[in-house]
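Below you'll find the structure, written out as structure tokens, and then a few comments.
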Amino acid sequence: MWEFALTMESQKADVAKFIYNSIKPKIDEVGGIVTSFEEKGKISIVLACEDFEKNRVGYHLRDVITCVICSYMKEDFLNKNLKFPPKSLLELHTFKKALVSFDRETDRFIVNKNLNLQNNLVLESFFYFKLQSLKEKWQELVKIANDNSTYFLSDDSFIELLRFLIENIEVSFDEVNVICKDSGIVLLNSEFEKLPHFNNEVCDEFELVSRLLQLSPRKINWYANKHNNFIEKVFEKRIFFVQKEDNFKNILDNSIKLM
């Protein structure tokens, strides 16, 4: 029986919840067990499975831990070190999420190269002592942004920066259909089907930006009755606006009913 324990500070309750919810289906699938508990300011996630399932579970666990470091922990690092220019909340949200996604394949490579799953891992210790090169990489990114913060005061310059960041995020998905309805916004694949392992419904522009940057599609088909100037500006080279015509409405409605 292979046993593994992942520990982190209690302040990272959202991270612990994400990890637990991400690995539990896989552990259940192989007939293993997983539990989570908090003690003395630490949250521990403990799992166990048969030895012959170790590689299968370990591969999934590596992916989840890498995702946590390259998203949650990178965003926390930016929040603590970045001098955000005085912009609207949506602009700042897009800026931060774009920086999180920027060069993420290199970030993931560095984490995977140093991640060695034995019997336990302390998340913070792994980051601070084993991922110095990743931390230095993020510090350099923050330094460049902070050194040019006055330049970003100009609206045009800031939009150009967002365009540059988004355009240089590695494509992770081929094509996404964004459908704006009165009841909300829905994201579907090129065949107007649900995206697997993904929350297809979003409630506002903030969540939409996060989803689009997470997916980083090569092409975004934007189905709406009106333009969204900000999103169309920053995703300019990837977005294609399609006015929602009456003869297309039935296809959209039928696709969404299947969700």
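Go ahead and estimate [θ] at 222 nm for the chain from helices alone: -39,500 (n - 2.57) per DSSP H run with n ≥ 4, summed, over the residue count, rounded to 500.
Mean residue ellipticity, 222 nm, calculated: -14500 deg cm²/dmol.
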| Semi-axes of the equivalent ellipsoid of the stretch 161-205: what are they in whole Å, largest first, if each equals the square root of 5 times a C-alpha gyration tensor eigenvalue? | 21, 15, 9
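How much accessible area per residue does the stretch 1-127 have, in Å², with a 1.4 Å probe?
51
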| message | Accessible area of the chain with a 1.4 Å probe: how many percent of it is carbon plus sulfur? | response | 50
| request: Report Rg(Cα)/(2.2 N^0.38 Å) for the stretch 101-237, keeping two decimals. | output: 1.27
| query | Just the accessible area for Glu232, please: 1.4 Å probe, Å², rounded to the nearest 10? | reply | 40
| request: Report, to the nearest 10°, how far helix 132-147 tilts away from the longest principal axis of the Cα atoms in the chain, using its own Cα long axis and a range of 0 to 90°. | output: 30
| message | Using C-alpha positions alone, give me the convex hull volume of the stretch 140-216 per residue in cubic angstrom. | response | 122
| task | Leaving out ligands and nucleic acids, note down the accessible area per residue over the stretch 162-236 with a 1.4 angstrom probe, in whole Å². | result | 50
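What do you get when you divide the Cα radius of gyration of the stretch 1-152 by 2.2 N^0.38 Å, with N the number of residues? Display every interim value, and only then the final one.
Values: Rg = 17.3 Å, N = 152, 2.2 N^0.38 = 14.8 Å.
Computed over Cα atoms of the stretch 1-152, the ratio equals 1.16.
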| Straight-distance crosslink candidates among lysines, where the alpha carbon sits under 22 Å from Lys83 and sequence neighbours closer than 8 are dropped | Lys74, Lys96, Lys97, Lys135, Lys137, Lys143
| message | Helix 89-101 against the longest principal axis of the chain: what's the angle in degrees, Cα atoms only, rounded to the nearest 10? | response | 50
| Compactness index (Cα Rg / 2.2 N^0.38 Å), the chain | 1.13
| Per the Cauchy relation, a quarter of the hull surface: what is the mean projected area of the convex hull of the alpha carbons in the stretch 81-182, in nm²? | 9.6
| query | In debye to the nearest 20, how big a dipole does the chain give about its Cα centre with +1 on each Lys and Arg Cβ and -1 on each Asp and Glu Cβ? | reply | 380
| field | Length-normalised contact order of the chain in % [C-alpha pairs under 8 Å, at least 6 apart] | value | 16
| said: Explain nothing, just the number: relative contact order of the stretch 1-82, from Cα pairs under 8 Å at least 6 residues apart, as a whole percent. | reply: 36
| said: Counting C-alpha atoms alone, how compact is the stretch 113-158: give Rg to one decimal and Dmax as a whole number, in angstrom. | reply: 16.6, 51
| query | In whole Å, how far is the Cα centre of the stretch 4-46 from that of the stretch 220-244? | reply | 39
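The values are calculated or read from the model by the stated rules, or taken from the named source; none is laboratory data. Quick caveat, the model's predicted, so the values are computed rather than measured. Please note: Cβ atoms are built from the backbone with ideal geometry, for glycine as well, and neighbour counts cover all protein chains shown. The accessibility values were calculated without ligands, DNA or RNA, using every heavy atom of the protein model including side chains. Shrake-Rupley method; radii C 1.70, N 1.55, O 1.52, S 1.80 Å.
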